[in-house]
Every structure is written in structure tokens, then in C-alpha cells.
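Comments concern the structure below.
Laboratory data are not the source of any read-out in this text; all were calculated from the coordinates shown. These numbers come from a predicted model, not from an experiment. Cβ placement follows ideal geometry from the backbone for every residue including glycine, while neighbour counts extend to all protein chains displayed.
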């Protein structure tokens, strides 16, 4: 029997397990305690102090997030002492904060602003310290803006970068009143090991870390009658977007999203899922080719395990941290970039459009995609393949600006040519999804039979465990794949870069024996991406994942190679996977970068 | 150990010997992350300061993030990222010294050397920093040049002290 602790919060009795914090206990009796530095995904810091509460018999107030419950505690969360202190703490935070709220990107979404509003901070009792603060605004990165004047030094970003991502691009530098969140030698974010994953942006309570937004540029393109504006939407957006527009987490809003995009004035609304299916064709073939070289031709130079290349955060991470393994990455571009390269070639030709007049926009759950689209090698169509990348959050801004009542929109369908997708493409948005999609196709390609799992659901690769391993035995393959007979195809899946580090260190140590590795930079995969609605935490990621698997189950076609538009593009344009055209448009190279 | 500075690019060139020395120090501490402060201490005592290039090298040796190293270096006021002068001047700004006019002394030093706190004169002779209490409050205001303590310093003494060091023979005795 587990020991129970009994305590009172505001007079309400509550039972909790040992180790429960006052903050967690309070939520059990529906008492809200405000927080700023606290985040469900991160370790407790206890530095902002806004969660202070009064414990009867103790002179000093305690931080609810960092104080474990004790038996018989009598806690007041709303006494006069607590209220006054909390108000002072908020005022002190504001005295160092650039509170020019109406001109802030996070206006209306800022946790500090919300607290100031709740506590009706109308006066300024403390000296304004901002003019003496040494702060910089770093706008150099194509993905992330870091504005120190808005920073309250809660260190959520530093903890995110260290605990979830293991990147440590950010640190706490100096101390006391000079303390600041900094990169190495205060270099621009673009010049350090930052992967642009945006997990810090997703967790910043204020406007100190935000995505670089391209909303105005996209409006300009839409308003320009000389431009044909094409938009693509990533799989994870459809299970996140609703959260910013009135729906509960885990609501699928695919049809409403398409309808909204059409009302915003995009000339063509198509689906990144199409190019996700295409990725499976290219990447699956690439994997089988590598396996053939390794197992049949005994080529010692073939690089295994082959790693997925869909996540631009992961790509930049491996470029910095494990550049000697760039050869292990699949040469496939990400679905976003494949789509971009095809919009200005295949689509332009089919629709008889001048590619120079096409503006290609993507809606992504991701901030790293902005960096990816800006990479110099992503111009294979002869133009910049993807002109603007908007996050899920930026799309919700546009929808609100346009006065669209999202909740009452009818469901609409994607436009054709590059709008058809399968269930296999949808699950790209969740950790393990690319692996599952690849297995559904590769296994069938090799054996002529569907994967031997009930309803095609490969449950071993699903779930939120940081590193997952699975294997599938190939039996009775078709004649040309005879060398794979009896081969146990082994896979590993990691999400969150801290878990990618675990896997890569195993690969480096020669302790990894798998053939195929899927890595997504963000916890939970793209559905937990840095560009997704705020807040994102484990509970919300689970709901979004459930929605993605529902969407997959609901799709009439659930295997990438059965996508009729994918079959059509191979027939009309690409020829076959890994063809010369494919190589030119759909594959890429990587750059070795410095870690130190 | 000397470090060559490429003044045009503000880049530091680490000689083979310098690199070998840093590596040796890291090895001496078994490349342990927990020994970072001791490593930085040992390296600074050899080079006088901790420029970016040395921090990068230490991070590489210990296989930790450079930002982490930077965080530790900036946190402790003992560590410095700028080369100190041949004669580092520290002025006590503790309560006792402060009320007895340390600020005037500080301003006078700044005026005489034409540098700010944390800076070094272009000729590399002097650097200036302030500190909190050297435990000689009875001598307030207190000024230190290197290890040498000057007590009850008056504004007019500053020029004399500096010129003596410029002449290269620091013989000025402590007033006590």
C-alpha cells in the first residue's frame, strides 16, 4: 500500500502521494496557482517565484512548484500576504521587462501579460530598470528572433535546449542583475549549434523567443494579382491548428483548414502529405538499394543504418554534432522541399503556369522548416523551392485577421494533382510514423504482401517512449529480393534530440545493429513541433497523436505506393524512384558544420 | 604562456604549445565535466585569461557544450575573458571604501588611463576592475595593483601611483 499524505489547501482536504508538489496537489482540488518558470515538460527551476503560497506555521512563503507536500500542511494560496507578494513579484518582473505590449508579437499570448492583467498591475512602484539593461535583439536567424528586452530569465528555454534537446545552444550567462540568457559569446543564434527546432519558442512565456513571422509577406503575395500562390500543409498542422481557433486539443480540423486556406485567397491548396507519400517511395527504394549493396553485393562502403531526413532540426543537429555520419542520412529532401521543387516544375507545367510567377508557401508545425527553405541548395526548380514557411500559429493569426469563423467552416477537399494522400503520409506527423509508413510500403514491395500486422497498424513503432526499437522478419520475398529472405529488418526510432543523441552515441560506439533509423527533432515528432500551438506538453502531444492515428485509420488508402497521384507523377514526370529527374529535384546533400 | 592576438580580426591564435598545455590540463582532470571550474582555474593561471578559442578547446576536450563553459566563465568574477594588464588595478567598492570616496578614486583612474572598468590599456600595462572588500576596511579607500595594497588613497595619489608603474619600478610603499 502506498503511503498517502493528507493536507489542506484553502481549507479543502486533499490526499496525495509522497513527492507531490503543492502545485500538483492544488490542481487536484481545482485551485489554480499562477506559474511562469514552471513547465510540465521540464525540471523544476523555482526561480520566478510567482507561485508562492503560504504554509501555516512558516514565516516565509514557499514556491508551490518546488515544495513537496507534507502531512498535515495547511496551505493558503490566496491569503493577503500571498496576494501582496505575488503582485510585487509580478511588478518586479515587469520593471525589467520591455512592456511595450501593444507592439509585441506575443501580445495577447504572453503569460506575463496575462498575469499582469489578472492581478491588475496598474501602477509602477518599482524603478524601471530596462533602460539600464544591456540587451540585444537577434533577428539574423531565418527561424527564430531572440529579444532580450522581453526576457524574464525564467530559463525555460535553457532547460528545454538542455533537457529535451541536448543541444545546449543557450546558457545562463553572468549573474545577479547582469544575468542573461545567452549563446556562446552572445553570438547570433544562427552562428551557433542551434538547430532552429523552436522548442524554446514554444515554451517561452513572453516575447523573448518567437518565430520569425512571414505573415505580411504571404498576404502581399496573395494580394498580388500577378502571382499564383500555392500552399501546402504538413500532416501535424491539421491536428494542432484547432487549438488556436477554439477547439480542444486532439481535434482533427483537416477539412476546415482547407476551407480556411481557400477563403484566405490561396490559388491552390494542396497537401504536404502527397510529398510524404513520395518520400516513402524514394526513401523506401533508397533503403532497399542500400540493403542490397550491403547484403548482396557486400559493398563495404554502404552506409547503414540509413537515417530519415524529414526533420530539418535533426539534419542541422547531425551536421553539427555527428558530421562524420552525414553519409548515413537518406539523400531524400524533406516532404516540404520535395513539394516545393515540384510546384515550380511539375505543377507549373501541368497547369501551364510561369514558375517565376508562382509563390510557394508551406504551413508547418516547425520553425526549422524556415531555415530549411532558406538553405542555398534548395533551389533545384531553378527558383527558391519554398518561398515562405508559416508555422501553425502564424496560420491561425491569418485566419483570425481575415475574420473567418473557423469553427463554423464547412469541410473542404484539397485541390488535385498534389493533394491526394494516404494514411501512411498522415502519420509522418507523429514519432514512428515515417518508419511505419516506410515499412508498409517496403515490406509489400519486397514480398508482394501487406505488412503482417492487424489493420496495417505497426504498434511496436508507436508511442511516446524516447527510443523505440522494432524488427520485422522478411519471409518469402519476391524473386528479385531473394537475398532478403529471412533477414530481420531492424529499426530504431528516436524523437527529441536528447534521444537522438542516445542513438547516435550507440551508433558511434558500434553498439547499434539496426538498418533503419527514424529521428524527429521534436518530442512526439512533428505534432510536438516548435511551431505548434502553445502550450504543448505531454498530455497535449498524446491527444494530437491519437488524432493523427484516427486520421490514418479513417483514410481509404493507407499505403504510400497506392496513392494515385504518386503513381501518376511517376508515370508522367519522374519515371521511377531514384530516377535522374528524382535525383535532381527530390534529393540533396548535407553540410558539415562546427560544433565548437 | 603567451597568446598571440591577431588584433585586426580580434582572433586569438593558439600556438601548438598552448593547445598542448590546455589539453594536458584537461587530461590531468580526467576530462570530467564536474572539474570544469578547476580546469578553467588552471588554464587561466597559465594564460592570464580565457578567450573564446580556449573555451572552445576546453569544451571540445570535455565533450560538453561551449555555451555551458561560457556560462561558468561569465558567472564567476574571478574568471576573465579579456587579457589583464601587466599591472592589474583593482579598486575596492565595498561599503567602507565607498563612503570614504572610492568612487572618486575610480573616476580618477578611469580618467588617467582612459579606460573603463573591465578594460585594459592599449599598451597592455594596466587593467581596471572593482571588487567588494579586501578585508582592509581600516585603510579605506583601498586600491590594489597586482598583489600590492595601497590604503587611504587620495584622489591626488592616483597619478603618482600610475606614473611609478609606468616607469617600471613599483616601489611605492603602503602607507601603513
What's the average, rounded to a whole number, of partner chain beta-carbon atoms within 10 Å of each residue's beta-carbon in A:169-176?
5
Just counting partner chain Cβ atoms within 10 Å, what average do the residues of peptide A:183-192 show around their Cβ?
3
Averaging 1/r across every pair of distinct alpha carbons in segment A:304-343 and inverting yields a Kirkwood hydrodynamic radius, in angstrom, of 10.6 Å
Quick check: the angle from helix A:433-447's long axis to the longest principal axis of chain A, C-alpha only, nearest 10 degrees?
20 degrees
Cβ density ranking, 10 Å radius, fewest first, applied to A:332, A:197, A:101 yields A:101, A:332, A:197
Everything considered on the Cα gyration tensor (a ≥ b ≥ c; rounded for a/c under 1.5, else prolate if a/b is larger than b/c, else oblate), segment B:53-100 must be described as oblate
What FRET efficiency, computed as 1/(1 + (r/R0)^6) with R0 = 25 Å and r the Cβ-Cβ distance, is obtained for residue B:119 and residue B:159, rounded to the nearest 0.05?
0.85
For peptide B:46-53, the mean count of other chain Cβ atoms within 10 Å per residue Cβ is 1
Fully extended, how many nm does the chain gain between residue A:92 and residue A:509 (0.36 nm per residue separation, minus their Cα-Cα distance)?
145.2 nm
Beta carbons within 10 angstrom, averaged per residue: use that to sort the peptides B:104-116, A:7-19, highest first.
B:104-116, A:7-19
Could you let me know the centre-to-centre spacing of segment A:237-305 and segment A:164-204, using Cα atoms, in angstrom?
30 Å
In which sequence would A:321, B:81 go, from the one with the fewest C-beta neighbours within 10 Å to the one with the most?
B:81, A:321
Once you have a ≥ b ≥ c as the square roots of the Cα gyration tensor eigenvalues for segment A:522-596, tell me rounded if a/c is under 1.5, and otherwise prolate or oblate according to whether a/b is larger than b/c.
oblate
Tell me the angle of helix B:36-47 to the major Cα principal axis of chain B, expressed in degrees between 0 and 90 and rounded to the nearest ten.
70 degrees
Tail weight of P(r) past 25 Å, computed on alpha-carbon pairs of segment A:445-586, percent:
48 percent
Using Cα atoms only, what is the angle between the long axis of helix A:497-508 and the major principal axis of chain A, expressed in degrees (0 to 90) to the nearest 10?
50 degrees
For an R0 of 22 angstrom, estimate the FRET efficiency from the Cβ-Cβ distance between residue A:81 and residue A:122 and round to the nearest 0.05.
0.60
Which of A:219, A:314, A:554, A:481 has the fewest other C-beta atoms within 10 Å, and how do the rest follow up to the most?
A:554, A:219, A:481, A:314
Förster radius 51 Å - calculated FRET efficiency between residue A:407 and residue A:56, Cβ distance, rounded to 0.05
0.65
Ranked output for segments A:104-114, A:403-413, A:510-520, A:145-155 by mean other Cβ atoms within 10 Å, highest leading, reads A:145-155, A:510-520, A:104-114, A:403-413
Could you compute Rg(Cα) / (2.2 N^0.38 Å) for segment A:72-201, with N its residue count?
1.19
Among A:354-365, B:34-45, A:271-282, how do they line up by average Cβ neighbours within 10 Å per residue, starting with the highest?
A:271-282, A:354-365, B:34-45
Expressed in nm to one decimal, what extension gain is obtained for the pair residue A:114 and residue A:478 from 0.36 nm per residue of sequence separation less their Cα-Cα distance?
124.8 nm
Hey, got the Cα dimensions of segment A:5-78 along the principal axes, in Å, largest first?
27, 25, 19
Which log10 I(q)/I(0) values, to two decimals, does segment A:228-285 give at q = 0.19, 0.20, 0.25, 0.29 Å⁻¹ under the Debye formula with one point per Cα?
-0.73, -0.78, -0.98, -1.11
For segment B:4-75, the Kirkwood Rh over every pair of distinct alpha carbons, in Å, works out to 12.3 Å
P(r) of the protein assembly as shown in 10 Å steps, Cα pairs, percent per bin?
2, 12, 19, 21, 18, 13, 8, 4, 1, 0
I want to make sure I understand the PRE zone here: with the label point 7 angstrom from the Cα of residue B:166 toward its beta carbon, which residues in segment B:107-135 have backbone N atoms less than 19 Å away?
B:107-117, B:119-129
All-pairs alpha carbon distance profile, segment B:87-166, 10 Å steps from 0, percent:
21, 59, 19, 1
Expressed in µm² per second, the diffusion coefficient of segment A:556-596 from the Stokes-Einstein equation, with Rh the Kirkwood radius over alpha carbon pairs, at 10 °C and 1.306 mPa s, is 128 µm²/s
Okay, helix-only estimate at 222 nm for chain A: each DSSP H run of n ≥ 4 adds -39500 (n - 2.57), divide by all residues, round to 500 deg cm²/dmol; what do you get?
-8500 deg cm²/dmol
Report, as a whole number in µm² per second, the diffusion coefficient that Stokes-Einstein gives for segment B:21-176 at 10 °C and 1.306 mPa s using the Kirkwood radius over alpha carbon pairs.
94 µm²/s
